[in-house]
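Student: To start, I am sharing the structure in question, which I have written as structure tokens.
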Amino acid sequence: MTKGELVGKIAKEAGITKKAAAMALDAVVGAIHESLKKKDGRIRIAELGTFRVVKKKARTGVNPQTKQKIKIPATKVARFAASRALKEAVKKAK
């Protein structure tokens, strides 16, 4: 599903315009971004799951083309863990 399709679905389900649905979706995504930028970097949505920031340590990797060892610097990445409700919904959809 694309963002446009999601906006259309939100508009239809909520009985609002696509423009209002797009603004609402952008506001939710923006709020998630802002929450993850904070020090604790965590947001939990009960029926969806938990977004959090994880620190990855620096490590040594291998360039697959040259087989040469390279240093991969430490970084922070966003992780998502699905809620039990989402896992069950996906399992039942098979």
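The values are calculated or read from the model by the stated rules, or taken from the named source; none is laboratory data. Since the model is a prediction, treat every value here as computed from it, not as a measurement. Note that each Cβ is placed from the backbone with ideal geometry, even for glycine, and that neighbours are counted across all protein chains shown.
Student: Starting from region 1-29, take each residue that is farther than 22 Å from Arg44 by Cβ and list its partners that are not in a helix (DSSP H, G or I), counting only C-beta distances under 7 angstrom and pairs at least six apart or across chains.
Tutor: These pairs meet every condition: Ala11/Thr17.
Student: Go through region 17-33 residue by residue and tally those that are of a type in the set (Lys, Arg) and surrounded by 11 or more Cβ atoms within 10 Å (Cβ to Cβ).
Tutor: At the first step, the residues of region 17-33 found to be of a type in the set (Lys, Arg) are 18-19.
Then drop every residue that is not surrounded by 11 or more Cβ atoms within 10 Å (Cβ to Cβ), which leaves 18.
Looking only at that region, the number is 1.
Student: If you don't mind, another one. In region 1-16, how many are surrounded by 10 or more Cβ atoms within 10 Å (Cβ to Cβ) and either in a helix (DSSP H, G or I) or touching a helix residue (DSSP H, G or I) at 6+ places or on another chain (Cβ under 7 Å) (or both)? Full working, then the answer.
Tutor: In the first step, residues of region 1-16 are kept if they are surrounded by 10 or more Cβ atoms within 10 Å (Cβ to Cβ); the result is 3-4, 6-12, 14, 16.
The next check asks that each one be either in a helix (DSSP H, G or I) or touching a helix residue (DSSP H, G or I) at 6+ places or on another chain (Cβ under 7 Å) (or both); those that pass are 3-4, 6-12, 14.
Residues flagged as surrounded by 10 or more Cβ atoms within 10 Å (Cβ to Cβ) and either in a helix (DSSP H, G or I) or touching a helix residue (DSSP H, G or I) at 6+ places or on another chain (Cβ under 7 Å) (or both) within region 1-16 amount to 10.
Student: Do you know which residues across region 47-68 are more than 20 Å from Gly30 (Cβ to Cβ) and surrounded by 10 or more Cβ atoms within 10 Å (Cβ to Cβ)?
Tutor: The answer is Val54, Lys56, Arg59, Gly61, Val62.
Student: Based on this model, can you work out whether Ala82 counts as hydrophobic (A, V, I, L, M, F, W, C) and surrounded by 12 or more Cβ atoms within 10 Å (Cβ to Cβ)?
Tutor: Values: hydrophobic (A, V, I, L, M, F, W, C): yes; surrounded by 12 or more Cβ atoms within 10 Å (Cβ to Cβ): yes.
Here the answer is yes, as Ala82 does meet what is asked.
Student: Now for a separate question. Checking the conditions here, which among Lys71, Lys76 is among the basic types (Lys, Arg) and exposed (fewer than 10 other Cβ atoms within 10 Å of the Cβ)?
Tutor: Values: Lys76 fails: exposed (fewer than 10 other Cβ atoms within 10 Å of the Cβ).
So the residue among Lys71, Lys76 that is among the basic types (Lys, Arg) and exposed (fewer than 10 other Cβ atoms within 10 Å of the Cβ) is Lys71.
Student: Sort out which residues of region 44-94 are in a loop (DSSP other than H, G, I, E, B), within 18 Å of Ile32 (Cβ to Cβ) and in contact with a strand residue (DSSP E or B) (Cβ under 7 Å, 6 or more places away or on another chain), and write them in order of number. Reasoning before the result, please.
Tutor: Looking only at region 44-94, we keep the residues that are in a loop (DSSP other than H, G, I, E, B), and these are 46-48, 57-58, 63-68, 73-74, 83, 93-94.
Filter again for within 18 Å of Ile32 (Cβ to Cβ), leaving 46-48, 83.
Residue satisfying the conditions is Ser83 alone.
Student: Name every residue in region 41-75 that is free of Cβ contacts under 8 Å to residues at least 12 places away in the same chain, farther than 30 Å from Ala11 by Cβ and either in the same structural domain as Glu13 (by TED's automatic domain parsing) or among the basic types (Lys, Arg) (or both), in order of residue number.
Tutor: Lys67, Lys69
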